[in-house]
Every structure is written in structure tokens, then in C-alpha cells.
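Student: Pasting a structure here, questions to come.
The values are calculated or read from the model by the stated rules, or taken from the named source; none is laboratory data. Worth saying up front: this structure is predicted, and the values here are computed from it rather than measured. Cβ placement follows ideal geometry from the backbone for every residue including glycine, while neighbour counts extend to all protein chains displayed. Surface accessibility is based on the protein's heavy atoms, side chains included, excluding ligands, DNA and RNA. Shrake-Rupley method; radii C 1.70, N 1.55, O 1.52, S 1.80 Å.
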Amino acid sequence: MTVLSDLRRTMHMPRTLRWRLFLILFAGLAVAHALSFGILFLERSMSAKATMLTTLERDVGTSIALLDRLPAQERAQWLPMLDRPTYRYELGQGQAGVPELGRRAAEIAETINAATGRRFPVKVESIPEQGSRLQAHVTLSDGSPVTIDVMPSLMPLANWLAYVLVAQLFLLILCTWLAVRLAIRPLLDLAEAAATLDPNRKAERLDETGPAEVAYAATAFNEMRDRIAHYLRERVQILAAISHDLQTPITRMKLRAEMAEDGPEKDKLMNDLSEIERLVREGVAYAKSAQGDAERPTRIDIASFAESIVFDYQDIGKAVSCGRIIDAVVETRPHAIRRILTNLIDNALKFAGAAEIEIENLPDGKIRIAVLDRGPGIPEDQLEAVLQPFHRLEQSRSRDTGGTGLGLAIAHQLALATGGSLRLRNRSGGGLAAEVTLG
């Protein structure tokens, strides 16, 4: 594990799967491309060597025999006509060198010996300061030395070869990127569908076509979403049935309690029964809040809608007012929005004693409705937690102070079910802002 961790830290692999696949594929193809070029280069080197040895075998025998028969004073004028691109003739001992015992020297010596019928002694030396340069020393029959200066070289490369290599590299990058893009796109679609998964809303099903693995994953995801939606519907049905079954015994118990003699015990019993009834009612309301799409969307004047809610509270003496309100028409589910706002206003009245509603346009064209108060606010680490069901900041579990713990959760669920969102934040100067964004 330590070696793998060190290797990963050394490689500095990118975090995204797209770039990792791209680098892996490109590196593999680039290495294969380099190997192909290397093999081609080696083949050209071997071909040049074979050509040089063939030329030596064909020409050297004739050239040495000609120089051996020519008078010594005429040999110099024939040398330029005997020279070749990879070797040339020189009268004398040539440059000082060291004996060459390698395979290449042995091949050159054997080729010259075979070409001359082994009539002339041959010795091969290398020139250390000049790389691959070799000199073959031949002694003619009259004792005159002749040096064959061998300069091995590769076949010349075409000028357009560099452009071809660059074009191949560009094509390699393009094909690798397209392959990775095609491979990653279904995964991105699946991740986006999982991130926006809402079984209570009708969304387009993932495309179940394409490669077998992609089609199988899309089918499995669609079936999972259907199962979750089915379980949620069953939850609502079960809670509705429990509510219906509990209403009758609760009503009978309240009737029997009312027939009892007046006293503190009777009052406590009636309060307990009322709390049980309210808890059942709020639990069912939370379960049904996830089914907010059962209501058909309607176009409403959001300013008049909010003012009507404020006037209803003012009629019963509650300190609810309107702040900045813009005139706008939105298409939404009015009953769900009313329940959201009343829950938020009730929460503000409970903890701050007063509430204010503001409505504004957002730069992206959405509408934001804010319910503001100047209460104690919520600790920053609890702003998300209070949107979960049965989570109450009041740890005494008193219904008079903490409630059922479902008001904000119901508002949150309804906001999601209507295609919006609910966000809580603490205001500067104290208080809480509950912001509902309508898409």
C-alpha cells in the first residue's frame, strides 16, 4: 500500500476520470507510435548497412584490382572516380587509429577480403574522435598502402516526414479525445440523473440504448427510481391509513374525557389527546408534502398572493407585514406555496413574535420569497439539520416551545416538490431569513 501511495503521489494523476483515461490512452498510443518509428528507423539503419556492404563487395574488388595494376604515379588521378557517398579511397596510411575488433569491423574486413579474392591483407581501425568513422587499410602487391575511409550513414529522410509525424500526432490526440468523450458521456448523464433524482417529479427516463454496459446501467437506474417512487407512494398510503384508523379512537377518547369530572387530570388528558391528534396530522402532512406534484400548476400574481396571506394573519392580530414586493406572474402550485409560507411565518411568529415578507427578482429570472424575522436565529451548523423531519433545536421536547419538528421539513419538501428550493440563513444584526426560490 505504501508503494502504491508513493507512486500515486509521484504521478500526480488528474482528479477527473476523463483526463485520466485520456492520458492513459494517449500515453499507450504514443508509446506504440514511438516504437513503430523506432522500428522503422532500425530497419532503415539495417537497410543502409546492407546497401553499404553490398556496394563494398561489388565495387571494392574492382577498385583495388584497378589500383594494383595502375602505375604508382597514375593512381592518385583515379581516386575521385572510385569514391562513393559512404566510402572513399586514399593513398597512404590514413589517420592514426585504434584496431577495431567489433562485429561491424569484422563484417567490413570480410566483405573486402571476399571482394578481392583474399589477395591483399586488410586491417580495420576506428577513429575515436570521429564517432562511427572506420578506416580499412589494404596493402597492394607492390607494398603500397591504400586506405578505404568508411563513413556509414543512414538513408536521407524526406523533408515532408516531419509534417506527417505532426499530423499523425494531432490525429492521435483527436481520436483519443473523441473516444474518451464517447465513453464518459453516459457516465456523466448517469451522475447528473442521480444528483437530480426526485422520484416525486416526472422526469425523463435515461436513454436505455447504446453499448450493453451503458444500457444495463441506465435500465437499472430507471428501475431503481421507479421502486423508490413506489415506496414513497406506499409510505403516504400507510400514513394516511394510520391517520384514518387513529382518528376514531382518539375521538372516542376525547368524548370520554369530556364526560369525566372537571379537574387538572382531565385538562392534562385533553391536552395529551390534542397533541397526539396534531402529531398524527403533521406526520401525514409531511408524507403528503413529498407528493406536491399532485396539484396542477396555476398562474398567479405572486404579490397579491403574498398580500392575501399577510392580511389573513393581520386579521387575527398577528404581527405579519409586507416589505419590498415586486409585481410578477408565476406558474406554480398555489396550495403548496401557501402551506410553505404559512409554515415559515408560523415558525417566525413562534420564535420572534413578528414576521415580514419580501419578494424580489433574481438575475436568472427566478423569484425569491423571503420570510424575515428578528428572533434568535439558528446556529450555523444547524441550518441544514433543521430542515430534516423531527429535528428540533428545543431539546426539552416540549410541544409548547419546540413544536413537532415538522414545520420546516414540510416547507422544504413542498419547495422541492414544486421545483423550487428552501434556504435558511442568519441575518446580519440578528434574526433568520427563510428564502423560497421559485423556478
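Student: If I filter region 303-317 down to residues being crowded, with 17+ Cβ neighbours inside 10 Å and without any contact (Cβ under 8 Å) to a residue 60 or more places away in the chain, which single residue comes out as nearest to residue 360 (Cα to Cα)?
Tutor: Checking each candidate, the answer is 305.
Student: Filter region 206-248 down to residues that are open to solvent by 40 Å² or more (accessible area, probe 1.4 Å), touching an Asp or Glu at 6+ places or on another chain (Cβ under 9 Å) and not in a helix (DSSP H, G or I), then give me how many there are.
Tutor: Matching residues across region 206-248 total 1.
Student: Something else now. Spot the failing condition for residue 356; the list is (1) modelled with pLDDT under 90; (2) under 26 Å from residue 332 (Cβ atoms), and only one is missed.
Tutor: (1)
Student: Does region 298-335 hold any residues that are in contact with a Lys or Arg (Cβ under 7 Å, 6 or more places away or on another chain) and part of a helix (DSSP H, G or I), and which are they?
Tutor: Answer for region 298-335, where residues must be in contact with a Lys or Arg (Cβ under 7 Å, 6 or more places away or on another chain) and part of a helix (DSSP H, G or I): just 309.
Student: Only one of 252, 299, 256 is in contact with a strand residue (DSSP E or B) (Cβ under 6 Å, 6 or more places away or on another chain), open to solvent by 90 Å² or more (accessible area, probe 1.4 Å) and either modelled with pLDDT of 75 or more or closer than 24 Å to residue 437 by Cα (or both); which?
Tutor: Just one listed residue meets the conditions, 299.
Student: Give the residue, chosen from 15, 20, that is at pLDDT below 75, farther than 22 Å from residue 141 by Cβ, among the basic types (Lys, Arg) and loosely packed, with under 12 Cβ neighbours inside 10 Å.
Tutor: 15
Student: Also, quick follow-up: Restricting to region 410-439, name every residue that is open to solvent by 40 Å² or more (accessible area, probe 1.4 Å), assigned to a strand (DSSP E or B) and among the small types (Gly, Ala, Ser).
Tutor: Once the filter is applied, which keeps residues that are open to solvent by 40 Å² or more (accessible area, probe 1.4 Å), assigned to a strand (DSSP E or B) and among the small types (Gly, Ala, Ser), region 410-439 yields only 421.
Student: Now for a separate question. Considering only residues of region 357-381 that are in contact (Cβ under 8 Å) with a residue 24 or more places away in the chain and more than 22 Å from residue 439 (Cα to Cα), which is surrounded by the most Cβ atoms within 10 Å (Cβ to Cβ)?
Tutor: Step one: list which residues in region 357-381 are in contact (Cβ under 8 Å) with a residue 24 or more places away in the chain, which gives 357-362, 366-378, 380.
This time we only want the ones that are more than 22 Å from residue 439 (Cα to Cα), so: 373-378, 380.
On the way: 373: 25, 374: 17, 375: 19, 376: 13, 377: 19, 378: 19, 380: 9.
Looking at residues that are in contact (Cβ under 8 Å) with a residue 24 or more places away in the chain and more than 22 Å from residue 439 (Cα to Cα), I get 373.
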